[in-house]
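Chemist: Got a structure for you, written out below as structure tokens; questions coming shortly.
The values are calculated or read from the model by the stated rules, or taken from the named source; none is laboratory data. Keep in mind the model is a prediction, meaning the values are calculated, not measured. Methodologically, a virtual Cβ is constructed for each residue, glycine included, from the backbone with ideal geometry; neighbour enumeration extends over all protein chains shown. Side chains are part of the model used for accessible areas, which takes the heavy atoms of the whole protein and leaves out ligands, DNA and RNA. Shrake-Rupley method; radii C 1.70, N 1.55, O 1.52, S 1.80 Å.
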Number of protein chains: 2
Amino acid sequence: MKKVVKFGGSSLASAQQFEKVGNIIRSDEGRRYVIPSAPGKRNSGDRKVTDMLYACYALAEEGKDFRVKLAEIKARYDEIITGLSLDFSLAEDFKEIEEKFKNKAGKDYAASRGEYLNGKIMAQYLGYTFVDSASVVCFDKKGEFDAEKTNEKMSAKLSKTERAVIPGFFGAMPDGSIKTFSRGGSDITGSIVARAVKADVYENWTDVSGFMIADPRIINKPQSIEIITYTELRELAYMGASVLHEDSIFPVRKEGIPINIRNTNKPEDEGTWIVESTARKSKYTITGIAGKKGFCCVNISKDMMNSEIGFVRKVLQSFEDHDISIEHVPSGIDTMTVFVHEDDFISKEQAVVSEIHRLAKPDMLEIESDLGLIAVVGRGMKSTRGTAGRIFSALAHANVNVRMIDQGSSELNIIIGVENRDFEKAISAIYDIFVETQL
Amino acid sequence: MKKVVKFGGSSLASAQQFEKVGNIIRSDEGRRYVIPSAPGKRNSGDRKVTDMLYACYALAEEGKDFRVKLAEIKARYDEIITGLSLDFSLAEDFKEIEEKFKNKAGKDYAASRGEYLNGKIMAQYLGYTFVDSASVVCFDKKGEFDAEKTNEKMSAKLSKTERAVIPGFFGAMPDGSIKTFSRGGSDITGSIVARAVKADVYENWTDVSGFMIADPRIINKPQSIEIITYTELRELAYMGASVLHEDSIFPVRKEGIPINIRNTNKPEDEGTWIVESTARKSKYTITGIAGKKGFCCVNISKDMMNSEIGFVRKVLQSFEDHDISIEHVPSGIDTMTVFVHEDDFISKEQAVVSEIHRLAKPDMLEIESDLGLIAVVGRGMKSTRGTAGRIFSALAHANVNVRMIDQGSSELNIIIGVENRDFEKAISAIYDIFVETQL
């Protein structure tokens, strides 16, 4: 069993958290490759070490004295080292960092030290080999991540390393200068390592017991998702659910490696499994609900539209010509609706409208704004009759005005358009009917 | 009050039916312009006079003796004349018809005599002026109906005629030769007359008390529709409901004249009103249900499709390039479905598929057939919460597998995709929940 385990910042914010992490790793022989983040907040008033590093380096860049700030950062690490009773010092590292800050080694270098130093402590604490990501995570000359070269180097290095700590978030360009990932951070490093060692599982340890069925800002303590496919995850992420960034899924998806989202503070919880495909039914008919506000729609009608070859295409062309991506195109008889993001559309609306008139000659055209789109996602929907009925009955009961419905033949999701002001109400109603009522 | 009244063939099949029509016309002073069809079937084993005329003329065209057949037709009219105790003969007319048949005056001429002769009897019976449609309904040299010239001539003629009978179904080309409407027949003539005289209402008398909410071949004795808008009618007609032909609605729609579908055999029934717009709610939430079988769908998926500008357009382009008109394009996240008519698509499917691959590079493409589309139409749906919930709960209850849902922002109709074998079951379930349960 070969497991890659990534720990988020809150799992590594203090010596106490490090001990939890240590216990987790030692409880399973398979947890051989560890990817730490930088120390996060210890409490809600605290600062993340990465943010402290950015602030400290900003002073350095301006030629100001940054030593006090750097000492504060060192204190954070020393507190962890002392708390863990390690016979170990980062004094040499901090001397080098001070030197490089003076020489303006760059923001990416500065930020990357959070993971780098935490990795050093972690390796010491666990007795694992420390592998500097700068030597195995490769960016090209333009600063683009080089997936294949990285995979080659990482595989080669780790095949000779039984147990290793590889700090997340950064790598190096061909000239050796440090480069960080722009989005997804340490999650990506973990995924890259999992791919390179052909891990059986990629465990992503955070401070929640997996992904929630719905947004906890809307639903009070939502249930978590037990198992979700990559496709479902993509769909929820696309509709605004805060789950793993796409870039951090891609490397393991390629190898069919499952991801397990776990909670460092509740290691007994099974968390959420993210898999390529599964025969396991989800506990509820739906897997998740997500949504976004801020859409516009353009309603177009024309007599005999459906028999006019090319009509829909001409309308869509008008949006494409103005570089506006289209969200959904539900259609009736002689009517069609185009949903677009308000931000993309508003500044160009009149240009698009006049092109539609010119190309497609509609009888009527009307624009509406302040709409939200909600996606109800679930592989279980296809085999459960009555899903649509339950959704729309629940929405009616909650007095939500359904402005649009789109369900294609994949039957893996239903998209529902509502007014912005009904958005939260609609999500609550759908959650209740599938999750609360089911119990 | 100026009413234009059109009577269908079954309303004029016998002297007894003529008497009903006479009573209807005489009961309302406003019924000043009458458009008769040719005599229809008197019973289920009978033949329509128009069909008899076609058969008779076919003999004439082949140079065979058609006099026996023509005598049979004359007998049909004589039976009506005798039954109505009219002092009137069509002998001269039949002499002329025989002459023209010999000279091969054309199929259109032959067919038109059914209405022409019935019009003459009707005028005699009512004491109204007979106006030959050949003098007021104009086709151009190419045989296309000339709406504006007709309107001019018809208005001029009828403004000087207090009460008139104008036979339906035909007119004349500039050289005087008779030309019939290809589709819609006498319904069109009625509509043209209503427009020309700026009628208050166009009454279309048939043998049913208006349009039915659903197809009577699927629903046993469906309720009839009390009031329907032009738009709703178009939608139902498009989805296969047998209602008035589009061409017969266009002239009155232009003038905002309401159409009233009535039953000659039950003149006390109010029938169906077809109007431009109305504040009158329909009795049920829905106005009508219609549907068609024989659709295919092409399911396409591609990661990140929604953020790829032009993706949907490229897919639709592939259909357009092969002259295939698209019925519906429901979409999910990273998936889209294109519904097309099986007849249009099957012979070209591989060409379309390869063009989609070339232009849009989907991850997955899959074709399904044997699908039906059902439209639930109703202006009342927008203001009635829970319509969608009721539809999909009813379908679930009836074990119908819903393959597609499309509802745009117009909210005037919902399109539902089902498998062909669930088609009738689905329509019954929707009819029951809105019409039967409502009572």
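Chemist: For the stretch A:332-400, just say rounded, prolate or oblate: build the C-alpha gyration tensor, square-root its eigenvalues into a ≥ b ≥ c, call rounded for a/c under 1.5, and beyond that prolate if a/b exceeds b/c, oblate if not.
Modeler: Values: a/c = 2.55, a/b = 2.17, b/c = 1.17.
Prolate is the answer for the stretch A:332-400, as a/c is 1.5 or above and a/b outweighs b/c.
Chemist: For every helix of n ≥ 4 consecutive DSSP H residues, a contribution of -39,500 (n - 2.57) applies; sum these over the protein assembly as shown, divide by its total residues, and give [θ] at 222 nm rounded to the nearest 500 deg cm²/dmol.
Modeler: -11500 deg cm²/dmol
Chemist: Looking only at B:GLY83, B:GLY168, B:GLY271, which one moves most when chain B is put into a Gaussian network model with springs between Cα atoms under 10 Å?
Modeler: It is B:GLY83.
Chemist: Please list, by residue number, every one of the trypsin sites (Lys or Arg not before Pro) in the stretch B:242-323 that is coil in DSSP and has at most 12 other beta-carbon atoms within 10 Å.
Modeler: Passing both the DSSP loop test and the Cβ count: B:ARG280.
Chemist: In the neighborhood of A:ALA351, defined by Cβ-to-Cβ distances under 15 Å, what is the net charge if each Lys or Arg adds +1 and each Asp or Glu adds -1?
Modeler: -4
Chemist: A follow-up question, please. Between the DSSP loop rule and a limit of at most 13 other Cβ atoms within 10 Å, which GluC sites (Glu not before Pro) in the stretch A:99-195 are left?
Modeler: A:GLU144, A:GLU162
Chemist: Moving on to the next point. Relative contact order for the stretch A:3-207: what percent, with Cα pairs under 8 Å and sequence separation of 6 or more? Intermediate values should be presented prior to the final figure.
Modeler: Working: 367 pairs, mean separation 59.3, N = 205.
Relative contact order here is 29 percent.
Chemist: Further question on the same structure: Is the protein assembly as shown rounded, prolate or oblate when judged by the Cα gyration tensor, a ≥ b ≥ c being the square roots of its eigenvalues, rounded requiring a/c under 1.5 and prolate requiring a/b larger than b/c? Could the numbers behind the result be given before it?
Modeler: Details: a/c = 3.39, a/b = 3.06, b/c = 1.11.
Prolate.
Chemist: Could you tell me what fraction of 2.2 N^0.38 Å the Cα radius of gyration of the stretch B:288-436 comes to, as a two-decimal ratio? Display every interim value, and only then the final one.
Modeler: Numbers: Rg = 16.3 Å, N = 149, 2.2 N^0.38 = 14.7 Å.
Compactness ratio reported: 1.11.
Chemist: Any chance you could check the Cα centroid distance between the stretch B:14-52 and the stretch A:196-216 for me, in angstrom?
Modeler: Cα centroid to Cα centroid, the span is 78 Å.
Chemist: Still on this structure, please answer the following. Determine Rg/Rh for the stretch B:3-207; Rg is computed over alpha-carbon atoms and Rh is the Kirkwood hydrodynamic estimate from the same atoms.
Modeler: Rg/Rh for the stretch B:3-207 comes to 0.95.
Chemist: Moving to a separate point now. Can you classify the stretch B:323-364 as rounded, prolate or oblate using the Cα gyration tensor, where a ≥ b ≥ c are the square roots of its eigenvalues, rounded means a/c under 1.5, and otherwise it's prolate if a/b beats b/c and oblate if not?
Modeler: Taking the square roots of the gyration eigenvalues as a ≥ b ≥ c, the stretch B:323-364 is oblate.
Chemist: For the stretch B:344-390 and the stretch A:104-175, what is the separation of their Cα centres, given in Å?
Modeler: First find each Cα centre; the distance between them is then 49 Å.
Chemist: Taking only protein heavy atoms and a 1.4 Å probe, what accessible area per residue, in Å², does the stretch B:3-207 have with all protein chains in place?
Modeler: Accessible area per residue: 43 Å².
Chemist: Can you tell which of B:LEU244, B:LEU126, B:LEU59 shows the greatest fluctuation in a Gaussian network model of chain B with Cα springs below 10 Å?
Modeler: Ranking B:LEU244, B:LEU126, B:LEU59 by mean-square fluctuation puts B:LEU59 first.
Chemist: Oh, and also: Hey, got a sec? Which trypsin sites (Lys or Arg not before Pro) in the stretch A:84-142 land in a DSSP loop and have at most 14 other Cβ atoms within 10 Å? Mind dumping the intermediate values first?
Modeler: Values: sites: A:LYS95, A:LYS100, A:LYS102, A:LYS104, A:LYS107, A:ARG113, A:LYS120, A:LYS141, A:LYS142; in loops: A:LYS104, A:LYS141, A:LYS142.
In loop regions of the stretch A:84-142 (DSSP not H, G, I, E or B), the sparsely surrounded trypsin sites (Lys or Arg not before Pro) are A:LYS104, A:LYS141, A:LYS142.
Chemist: Would you mind working out the magnitude of the charge dipole of the stretch B:288-436 relative to its Cα centre, with +1 at each Lys and Arg C-beta and -1 at each Asp and Glu C-beta, to the nearest 20 Debye?
Modeler: It comes to approximately 540 debye.
Chemist: What pairs from A:LYS198/A:LYS292; A:LYS100/A:LYS120; A:LYS41/A:LYS74 go past 24 Å between their alpha carbons?
Modeler: A:LYS198/A:LYS292
Chemist: Taking only Cα atoms and a 10 Å spring cutoff, compute GNM fluctuations for chain A and point out the largest among A:ASN204, A:ASN151, A:ASN399.
Modeler: Answer for the Gaussian network model of chain A: A:ASN399.
Chemist: Quick check: the angle from helix A:107-126's long axis to the longest principal axis of chain A, C-alpha only, nearest 10 degrees?
Modeler: The angle comes out at about 60 degrees.
Chemist: On to the next question. In Å, what is the Rg of the alpha-carbon atoms in the stretch B:32-143, and how long is Dmax?
Modeler: Gyration radius and largest Cα-Cα distance of the stretch B:32-143: 14.3, 43 Å.
Chemist: Relative to the longest principal axis of the C-alpha atoms of chain B, give the angle of the C-alpha long axis of helix B:246-255, reported between 0 and 90° and rounded to the nearest 10°.
Modeler: It is inclined by approximately 80 degrees.
Chemist: On to the next question. Where the centre of each part is set by its Cα atoms, how far does the stretch A:278-313 sit from the stretch B:247-296, in angstrom?
Modeler: 30 Å
Chemist: For a quick check of understanding: with a 1.4 angstrom probe and all protein chains in place, what accessible area in square angstrom does A:MET304 have, to the nearest ten?
Modeler: Looks like 80 Å² after rounding.
Chemist: Looking at B:ALA396, A:VAL4, B:ILE24, which one has the Cα that reaches farthest to the positive end of the dipole of the protein assembly as shown (charges on Cβ: Lys, Arg +1; Asp, Glu -1)?
Modeler: About the Cα centre, the residue reaching furthest to the positive side is B:ALA396.
Chemist: To the nearest 100 Å², how much accessible surface do chains B and A cover up together, summed over both, with a 1.4 Å probe?
Modeler: Numbers: alone 20180 and 20220 Å², together 35540 Å².
The B and A chains share an interface burying roughly 4900 Å².
Chemist: Counting only protein heavy atoms and a 1.4 Å probe, tell me what percentage of the protein assembly as shown's accessible area is made up of carbon and sulfur.
Modeler: With neighbouring chains kept in place, the figure for the protein assembly as shown is 47 percent.
Chemist: What does the charge count near A:GLN407 come to, summing +1 for each Lys or Arg and -1 for each Asp or Glu among other residues with Cβ under 11 Å from its Cβ?
Modeler: -1
Chemist: With +1 on each Lys and Arg Cβ and -1 on each Asp and Glu Cβ, how big is the dipole of the protein assembly as shown about its Cα centre, in debye rounded to the nearest 20?
Modeler: It comes to approximately 640 debye.
Chemist: Just read off the accessible area of A:SER331 with the full protein assembly in place, 1.4 Å probe, to the nearest 10 Å².
Modeler: 10 Å²
Chemist: With charges set only on the Cβ (+1 for Lys and Arg, -1 for Asp and Glu), what does the dipole of chain A come to about its Cα centre, in debye to the nearest 20? Write down the numbers at each step before the final one.
Modeler: Numbers: 59 positive and 65 negative charges, 254 e Å.
I would put it at about 1220 debye.
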